[in-house]
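Okay, so here's the structure we're looking at.
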Amino acid sequence: MFEIGPGKVAAKTFFDVEFPKGHVGIKSFDAELVDEEGNSVPLYEAYLHHWFAIKYHAKDWNMLKIVPKNPLEGAIYVRNEGTCNSYILPAYWGLGGESRGTKSNIPDPYAVEQGNPSYVPIGYEEKWLLNLMSEFTIPPNNGKKHSHPHIEKANIPIEKGGYLIYGTSHMHTGVINATLYGQDGRILYTSKPTYGDGKEPGNEKGYVVGMSGSYPKPGSIKIKDGETLTVETRYKSGFLTGAMGHMYIYLADRLA
């Protein structure tokens, strides 16, 4: 729980949040911003800039029979299997204001494996934290009326390839689209925004309330080991600050 007011920003990290126990496969991960009574909060009252779910291994103090001054002493943060370095985008799941309208379901028969005890060091236990930032609010900004969009590109080397089974992106208001290219220039998928046109949560006028996902036909898109992909994000001219562009891809090492 957190509080924000006019001109305020809440940046919070909640440790040891509830998460499915045991050796499980996660099919989807969704988030919702609600008030004390469980009602959805519209983006024009509290703009959800981002939320990230991050895994860490904490010392099992009960096993060690020690009462620590700091329960996080010796914690090991476990990043995802993506290509960004250890300190950038370590989250397993994470979106923002577009969460309500963005699908996170991974197609059958696939799932994201979590809780494998063989990956947890002796004397530790697997836990999760939730990092988020919410602002009181970011009014929709139509930007300056220029003809050329603001485009950013980044090359991402993929160490271990596989079959693309799902992809989406995390973007902010002003986005036109985000596209992922293969090394040969082929388009792997394009994620497009849905803008709200009302007042109710999930349809706030002028805000990005969803980003499309990609569900390619199984086996139709294969990314090779060592292939360099290119991420291209496009924003309307005038949106030169806060122009984030995160892309998520899920690869299967073999077809079911």
Point to revise | Helix-only [θ]222 nm of the chain, DSSP H runs n ≥ 4, -39500 (n - 2.57) each, per residue, nearest 500 | key: 0 deg cm²/dmol
Study note, to complete from the structure: One would report the antiparallel percent of DSSP beta bridges in the chain, rounded to the nearest 5, as 95
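For Lys27 and Arg186, FRET efficiency with R0 = 30 Å and r from the beta-carbon atoms, rounded to 0.05? Working shown, then result.
Values: r = 28 Å, r/R0 = 0.94.
Using R0 = 30 Å, I get an efficiency of 0.60.
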Point to revise | Cross-link partners of Lys217 among lysines (Cα-Cα below 20 Å; sequence separation of 8 or more within a chain) | key: Lys27, Lys103, Lys192
Point to revise | Top positive-direction residue, dipole computed over the chain with Cβ charges, set Leu229, Ser118, Leu164 | key: Leu229
Practice item. Between Thr83, Thr179, Thr190, find the one with the highest GNM mean-square fluctuation for the chain; connect C-alpha pairs within less than 10 Å. Key: Thr83
Practice item. Would you work out the relative contact order for the chain, in percent, from Cα pairs under 8 angstrom that are 6 or more residues apart? Key: 25
Check your understanding: If you stretched the chain out fully between Cys84 and Lys199, how much longer would it get, using 0.36 nm times the residue separation minus the C-alpha to C-alpha distance?
Key -> 37.7 nm
**Study point:** Neighbour cut-off at most 13 other Cβ (10 Å), DSSP loop, trypsin sites (Lys or Arg not before Pro), segment 61-116
**Key:** Lys65, Lys69
Point to revise | Sorted by Cβ neighbour density within 10 Å, fewest at the top, the residues Glu98, Glu18, Glu126, Glu113 | key: Glu18, Glu113, Glu126, Glu98
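Just so you know, all these numbers are worked out from the coordinates, no wet-lab data involved. The structure displayed is predicted, hence computed values, not measured ones. Methodologically, a virtual Cβ is constructed for each residue, glycine included, from the backbone with ideal geometry; neighbour enumeration extends over all protein chains shown.
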